[in-house]
Amino acid sequence: MHLSQAFSNVWGVSPEDDAKIKEVFEVLRVKYAGYEDPWGFNLELCEKTLRTILPFYRRYFKVRVFGQENVADVPYLVVSNHTGQIPLDAMLITMAFLIDVQPPRILRAMVERFMAQLPFLGDFAAQTGSILGDRANCQYLLEHKESILVFPEGVRGVSKNTTQFYKVQSFTQGFYRIALQQHTPILPIAVVGAEEMFPFTWHVKSLAKLLSLPALPLTANLFPLPSPIDIHIGKPIIVPDDLSSEAPDKDIKEQVMRVEGQIKKMLAVGLKHRRPFFDEIRKPLSKFILKQDRE
Amino acid sequence: MNILIIGMAGGLAQITARLMLSENPTWTIMGVDSRSLDKVSPLPGLTTLSMKYSRGNFENIFRSHKFDAVLHLGRISHSSSDAEVLAKRLEISVMGTNRILELCLRSGVSKVIILSTFHVYGALPDNSIFLTEDAPLKASIKHPELRDVVEMDQMCGQFMWKHQNELSTVVLRPCNIVGTQIENTMSRYLTTPMALRPIDYNPFFQFIHEFDMAQILCSSISKLPTGTYNVAGSEFISLREALDLVGSKGLPFPISIAKGMNNVLKLMNIQVPEYLLDYLKFSCLIDNRNLRQHLGDEFLRFKLRETLELIRLR
């Protein structure tokens, strides 16, 4: 048996998921027929990438999605807490909206300038739907009925030491002004489990600054641990009609605090009902030990 | 109508003059350039003069001909940044343009059209998609050698509003003009067999055919009010697809190391201006709503893909 075949048997896409991917991309091909994307979004590459990484979503991170019933067939500004040291949460949320949410959609994730200028990776991110976090870019996409994924904590959300895990950093206001400008509903998301992918982390902020990097985490593990991930989708927040996108900061801040508060609440509930992190390692290990004992 | 075209030796100026005279046989055009005008085909209604813009007899032309409109297409290409060329660029593009604008004002010209470039915006990783005319001109931040390009555009903008009651000024910032007659960096890049084909980036580009650009220059005399206009169609294309359409296989190369490899590339006879390397990494797409408002949605004859296929004729 070829190595690739063996790998595929163990780590391949299940027949149900294969059928699901085909169904999803049939819908998306109709949606994007004739659409030309100025960032280079490539639907074929998205399908290939999804096929490659879906086993991680299903079997490694064992992602569960709650609150799918809150999603309607309209464009959203999807706002989430940011966790983990690398933005794997963005990838998992995007996959959830493709495979576990109806109707399927490609979330256009807003990325930092740092990401956009990286060779190979910047191009790959753009082809799989990412865009530079910029108001004009968001406006263009919302006008084209696309949903956008935003992390208003920015880099501060992912660059946290172990002691700060699940402490939501204050939200910036730009996303809310965009939502007001386009009258786009905000869909709050809380991701639970991503912090534990790198459980022991220390950020060398001074060195990151010296090297002009957005963050420089020192972690005990280099590859993310299989922490079980829960994605909670909240009820959409409708932005007020009588508030201008150019309103003073204090008026916008009040609204932003509402969104931030809702995500914090969802996070607190999610943390109560989460699966224990070490269960994923402990259960198979105990089974193995029991088996050895019996023998 | 009596028209002065500055930069007559250029391919675009010649197409514009031909188009203008075929549409308006009663018009007269004077074409001036500091370069040789031997290759300019004679046309009824067209007079050509080779002279420097700094000389006194250049001023005399304005006094003796009473031009109604002036088309300034004589900016020196910014493809070379050698010290000598740079000094000449500053003299001609900035000082020369300033002199031309002053002469237009003094001699009662009612319309002046200046050909700038979209390169004034710069190709930066944080560029918004579809830059409007109000976007900051950031080209010279990273590439100081482009300061003449930015300074000329800004100077025209200041002149435009300061003298808006005396004459109408139009600044055009076209995207990449390509065609068989025009000689610019992008046309050369697309048609050279050793074009660097980025493997690590794939930015988006807009192209306009030289004939369409000439048509817009003609239309701008009567249809465009005072202001700055981005000139591009609504279509865009990735660089790799554009190279495929032109039929250029190019040399697959990681652009992220091209700057450091410049000397090696020169030995291989591959010369890409440093500023252009940024355009091979990051998109710089411009918004055309302002122009469409005055020229309508269908203001181009050639679709983008047709434009690129036509370059094969070079």
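Observations
Every residue, every condition in (1) out of contact with any strand residue (DSSP E or B) (no Cβ under 8 Å at 6 or more places or on another chain); (2) within 18 Å of A:Val192 (Cβ to Cβ); (3) in a strand (DSSP E or B); (4) acidic (Asp, Glu), yes or no:
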| residue | (1), (2), (3), (4) |
| --- | --- |
| A:Leu28 | yes, no, no, no |
| A:Leu50 | yes, no, no, no |
| A:Gly84 | yes, yes, no, no |
| A:Asp89 | no, yes, no, yes |
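- Of all residues in region B:159-218, those satisfying the criterion of being acidic (Asp, Glu) and either touching a Gly at 6+ places or on another chain (Cβ under 8 Å) or within 18 Å of B:Gly10 (Cα to Cα) (or both) are B:Glu183, B:Glu210, B:Asp212.
- Residues of region B:225-272 satisfying the condition of being in contact with a helix residue (DSSP H, G or I) (Cβ under 9 Å, 6 or more places away or on another chain), of a type in the set (Ser, Thr, Tyr) and within 28 Å of B:Asn290 (Cβ to Cβ): B:Thr226, B:Thr228, B:Tyr229, B:Ser234
- Qualifying residue in region A:257-269 (condition: over 16 Å from A:Phe151 (Cα atoms), in contact with a Phe, Trp or Tyr (Cβ under 8 Å, 6 or more places away or on another chain) and of a type outside the set (Asp, Glu)): no
- Whichever residue in region B:255-272 is among the polar types (S, T, N, Q) and under 18 Å from B:Pro193 (Cβ atoms) and, among such residues, is farthest from the other protein chains (Cβ to nearest Cβ): B:Asn269
- Residue in region A:131-149 that is surrounded by the most Cβ atoms within 10 Å (Cβ to Cβ), counting only those that are away from chain B (no Cβ under 14 Å) and out of contact with any Ser or Thr (no Cβ under 8 Å at 6 or more places or on another chain): A:Ser147
- Condition met for A:Glu196 (under 25 Å from A:Gln68 (Cα atoms), in contact with a Ser or Thr (Cβ under 8 Å, 6 or more places away or on another chain), buried (at least 17 other Cβ atoms within 10 Å of the Cβ) and charged (D, E, K, R)): yes
- Among the strands (runs of 3 or more DSSP E) confined to region B:198-254, the ones with at least 2 residues that are closer than 27 Å to B:Phe159 by Cβ, β-branched (Val, Ile, Thr) and more than 10 Å from every other protein chain (Cβ to nearest Cβ) are located at B:227-231.
- The residue that is nearest to A:Tyr76 (Cα to Cα), among those in region A:101-128 that are surrounded by 18 or more Cβ atoms within 10 Å (Cβ to Cβ) and away from chain B (no Cβ under 14 Å), is A:Leu107.
- Extreme residue, nearest to B:Leu146 (Cα to Cα), among residues of region B:263-280 that are more than 21 Å from the chain's Cα centre (by Cα) and in a loop (DSSP other than H, G, I, E, B): B:Ile270
- For the residues A:Gly67, A:Gly84, the requirement of being at pLDDT 95 or above and on the phi > 0 side of the Ramachandran plot singles out A:Gly67.
- Single residue of region A:150-179 satisfying the filter (among the aliphatic types (A, V, I, L, M) and surrounded by fewer than 22 Cβ atoms within 10 Å (Cβ to Cβ)) that is farthest from A:Lys235 (Cα to Cα): A:Val155
- The condition of being within 25 Å of B:Met160 (Cα to Cα) and in contact (Cβ under 8 Å) with a residue 60 or more places away in the chain holds for only one of B:Leu19, B:Leu73, B:Leu86, that being B:Leu73.
- Of the residues making up region A:121-160, those that are outside any helix (DSSP H, G or I), of a type in the set (A, V, I, L, M) and farther than 16 Å from A:Thr94 by Cβ number 1.
The values are calculated or read from the model by the stated rules, or taken from the named source; none is laboratory data. Bear in mind that the values here come from a model prediction, so they are computed numbers and not experimental data. Glycine also receives a Cβ, built like all others from the backbone with ideal geometry; neighbour counts cover every protein chain displayed.
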